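Since the structure comes first, as structure tokens, the remarks are kept for the end.
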Amino acid sequence: MDYILEMKDISKTFPGVHALDHIQLQVKPAEVHAIMGENGAGKSTMMKILMGIYHKDEGGEILFDGEPYNVSSPKEALDTGVAMIHQELNPILDMTVYENIFVGRELRKNGLVDNKAEIREAEKLIEESGLHVSPTETLRNLTVAQCQLVEIIKAISVNAKVIIMDEPTSTITDKEVDVLFDHIRRLKENGVTIIYISHRMDEIFKIADRVSVYRDGQYIGSGDAKDMTEPQLIKMMVGREITDVFPKAEAEIGETMFEAKHIVRADHKVKDVSISVRKGEILGLGGLVGAGRSELVEGIFGMNKLESGEIYVKGEKVTVRKPKDIINKGVALITEDRKVTGLNLSGTVDDNIGMVAIHKQLKHGLYSKKKARESAEEYIDKLNIKTPSGDEIVGNLSGGNQQKVVVAKWLFNDPDIIIMDEPTRGIDVGAKRDIYLLIGGLVQEGKAVIMISSEISELMGVCDRIVVMAEGHLSGEVERKDFSQEKIMALASDIQV
Ligand SMILES: Nc1ncnc2c1ncn2[C@@H]1O[C@H](COP(=O)(O)OP(=O)(O)OP(=O)(O)O)[C@@H](O)[C@H]1O
Ligand SMILES: [Mg+2]
């Protein structure tokens with residue numbers, strides 16, 4: 001048998017969308033097989049069919065270990081040996097780490113759930129994975145990255161033959177990626193097959209044996225990763241060449257627009273951090289996951305209690321008790337976790353884009369569907385959001401396109417200062433470039449941008465200045481002329497240079 005998994009001539013249609021158009025996939029045993037393609041290409045849809053979450057259209061067939069494979073639920077898929085780590089994490093936030101790891105396959109003693117044994121087992125698994133959390137912690141208290149690692153641990157621990165990872169690294173930093181890759185290599189040695197979806201090209205070349213590329217629901221081609229180059233792959237994915245991956249906008253830098261001084265959070269996740277950004281400037285905020293970058297901006301936005309600190313917007317001191325206080329002064333926060341704070345998944349694309357700036361959709365003081373439509377259209381177009389129409393439910397869009405809706409929603413309010421927390425997470429190369437161009441356009445209009453990112457190359461590509469945080473405090477600052485990967489990495493791990 002050549003293939004552990006084969007999809008032959010598979011199609012899937014949703015109302016108004018031909019998500020998969022007679023695609024194929026051939027995965028060899030114990031290989032890492034990367035699936036690549038732009039946002040909305042159909043990658044997650046293929047995987048959800050393999051997990052029995054979606055059902056393929058009539059025709060075509062799927063073979064697993066040479067046998068016909070037709071599962072109708074994730075449980076059936078898991079019982080057959082196929083597990084998946086989802087792109088859109090959907091953990092039950094009130095569950096503890098250990099409960100989440102053992103959900104659906106509880107350890108029992110005399111018929112009762114053996115919590116103690118589960119905690120003990122979970123502790124072992126957590127330790128092996130290099131994650132530093134207690135098994136009894138609730139998921140609500142974990143960062144997105146930590147939740148993701150819990151999901152990874154869970155998939156590893158069910159002894160699946162095929163593990164599908166749908167963008168497992170979109171929120172974790174280099175150090176954690178290394179941990180994950182060690183896991184993947186070990187799994188491979190044990191004969192496990194990995195299907196790996198990521199928009200991060202560097203990872204593909206590091207970890208993948210073979211690559212299959214899709215575009216707009218169609219199969220484009222496959223090959224050995226070692227025989228491929230990055231420009232080649234990009235061309236297969238987007239259908240054209242992209243030479244300039246990080247376009248840098250030249251803007252005139254002016255007076256200070258925003259300043260946060262001596263911010264200390266009541267929970268001490270942020271300890272005496274001061275940052276400022278000027279008109280026309282793109283400030284990068286770098287650091288490892290857990291360094292306190294999101295915690296800092298959430299504190300500034302009044303989402304968490306501050307012990308002390310002062311906030312100035314355009315020279316005026318602002319007392320922030322709730323996010324509205326600072327939003328009304330023209331500051332926007334594009335959040336990291338689109339599910340929790342970013343989007344109303346059951347609302348339409350139009351509604352979501354208009355959510356922050358409701359006043360812009362009024363006509364004679366009344367909500368105007370037509371105005372809402374027109375303004376949403378503009379952003380659907382600007383950001384190239386792939387959706388059948390503005391009436392589509394956001395939850396039905398592909399992951400990357402949901403992220404574009406988050407960006408659109410905040411830009412629509414026309415803020416002067418924009419704080420972006422991992423804005424390009426899960427976004428494909430072409431669309432990332434669209435976002436950089438858009439950020440460039442914003443600073444050229446005289447706005448100020450603070451961008452949090454875990455991708456150092458991205459920060460170095462588009463920022464004027466980078467400040468780095470480590471363990472809740474500021475570890476250093478680098479001007480564009482002094483940017484270097486090593487310097488920023490050293491600051492992130494708080495090594496003095
Ligand atoms: N439940 C659904 N209802 C309607 N349309 C859907 C549904 N799920 C996916 N689609 C559509 O199918 C197409 C493929 O989406 P899919 O999520 O598979 O893309 P993807 O390749 O995973 O993209 P990304 O890189 O952004 O995650 C998109 O146009 C998407 O809007
Ligand atoms: Mg996807």
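Bear in mind these aren't lab numbers, they're just calculated from the coordinates by the rules spelled out. All figures in this text were calculated on a predicted structure; none of them were measured in a lab. Note that each Cβ is placed from the backbone with ideal geometry, even for glycine, and that neighbours are counted across all protein chains shown.
Extension gain for Val158-Thr319 works out to 53.0 nm (0.36 nm per residue, less the C-alpha to C-alpha distance). With R₀ fixed at 22 Å, the C-beta to C-beta distance from Arg186 to Met95 puts the FRET efficiency at about 0.25. For the peptides 259-265, 242-248, 105-111, 291-297, residues were scored by their other Cβ atoms within 10 Å and the scores averaged per peptide; the highest-first order is 291-297, 259-265, 242-248, 105-111.
Relative to the longest principal axis of the Cα atoms of the chain, the long axis of helix 399-411 makes an angle of roughly 10 degrees. Shown here: region 5-238, whose C-alpha atoms stretch 50, 38, 34 Å along the first, second and third principal axes, sorted largest to smallest. Excluding same-chain neighbours fewer than eight residues apart, the lysines reachable from Lys43 by a Cα-Cα span under 16 Å are Lys8, Lys12, Lys56, Lys386. Taking each residue as 0.36 nm, the span from Asp494 to Asn110 lengthens on full extension beyond its C-alpha to C-alpha distance by 133.2 nm. On the basis of the beta-carbon distance and an R0 of 41 Å, Arg120 and His55 show a calculated FRET efficiency of 0.55. Taking the Cα centre of the chain as reference, the dipole from Cβ charges on Lys and Arg (+1) and Asp and Glu (-1) amounts to some 1100 debye. Taking 7 Å steps out from each Cα toward its Cβ at Ser484 and Glu307 produces label points 3.6 nm apart. State the answer as a single residue: which of Ala122, Asn328, Gly59 lies farthest towards the positive end of the charge dipole of the chain, with beta carbon charges of +1 for Lys and Arg and -1 for Asp and Glu, about the Cα centre. Result: Asn328.
Suppose R0 equals 35 Å; then what is the FRET efficiency for Tyr367 and Leu437 from their Cβ-Cβ distance, rounded to the nearest 0.05? Once rounded, the FRET efficiency stands at 0.65. Helical runs assigned H by DSSP (4 residues or longer) give the chain a calculated mean residue ellipticity at 222 nm of -9500 deg cm²/dmol, each run adding -39500 (n - 2.57) before division by the residue total. Can you tell me the orientation of helix 429-444 relative to the chain, as the angle in degrees between its alpha-carbon axis and the longest Cα principal axis, to the nearest 10? Here the helix axis deviates by roughly 0 degrees. Plainly put, region 177-240 has a radius of gyration that is 0.99 times its Kirkwood radius, both from alpha-carbon atoms, as the Rg/Rh ratio.
From most to least packed by mean Cβ count within 10 Å, the peptides 223-229, 21-27 give 21-27, 223-229. Dipole orientation for the chain: of the candidates Ser198, Gly16, Ser134, Gly16 has the Cα lying most toward the positive pole (charges on Cβ; Lys, Arg +1; Asp, Glu -1).
Cα centroids of region 219-252 and region 91-121: 44 Å apart.
Computed from Cα positions, the angle between helix 144-157 and the longest principal axis of the chain comes to roughly 10 degrees.
Distance between the modelled labels on His22 and Lys206, one decimal in nanometres: 3.9 nm (7 Å Cα→Cβ projection). Bridgeable lysines around Lys324 (alpha carbons under 21 Å apart, same-chain partners fewer than 8 residues away excluded): Lys261, Lys305, Lys314, Lys339, Lys360, Lys409, Lys447. Assuming charge only on the beta carbon of Lys and Arg (+1) and of Asp and Glu (-1), the dipole of region 385-460 about its Cα centre is about 120 debye to the nearest 20. Classify region 29-126 from the C-alpha gyration tensor, please: rounded if a/c falls under 1.5, else prolate or oblate depending on whether a/b exceeds b/c. Here region 29-126 falls in the prolate category.
Each label was represented as a point 7 Å from its Cα along the Cα-to-Cβ direction; for Leu345 and Gln232 these points are 3.8 nm apart. Kirkwood analysis of the Cα pair distances in the chain returns a hydrodynamic radius of 23.9 Å. The separation of region 253-306 from region 153-199, counted between C-alpha centres, amounts to 33 Å.
Near the amide H of Phe258, within less than 5 Å, lie the amide hydrogens of Val277, Lys314, all on another chain or at least 5 residues away, with H placed in the peptide plane. Peptides 43-51, 378-386 ranked from most to least packed by the mean count of surrounding Cβ atoms within 10 Å: 43-51, 378-386.
Once the chain from Lys8 to Ile253 is taken as fully extended at 0.36 nm per residue, the excess over their C-alpha distance is 82.7 nm. Charge dipole (Cα centre; +1 on Lys/Arg Cβ, -1 on Asp/Glu Cβ; no other charges) of region 256-492 amounts to roughly 600 debye.
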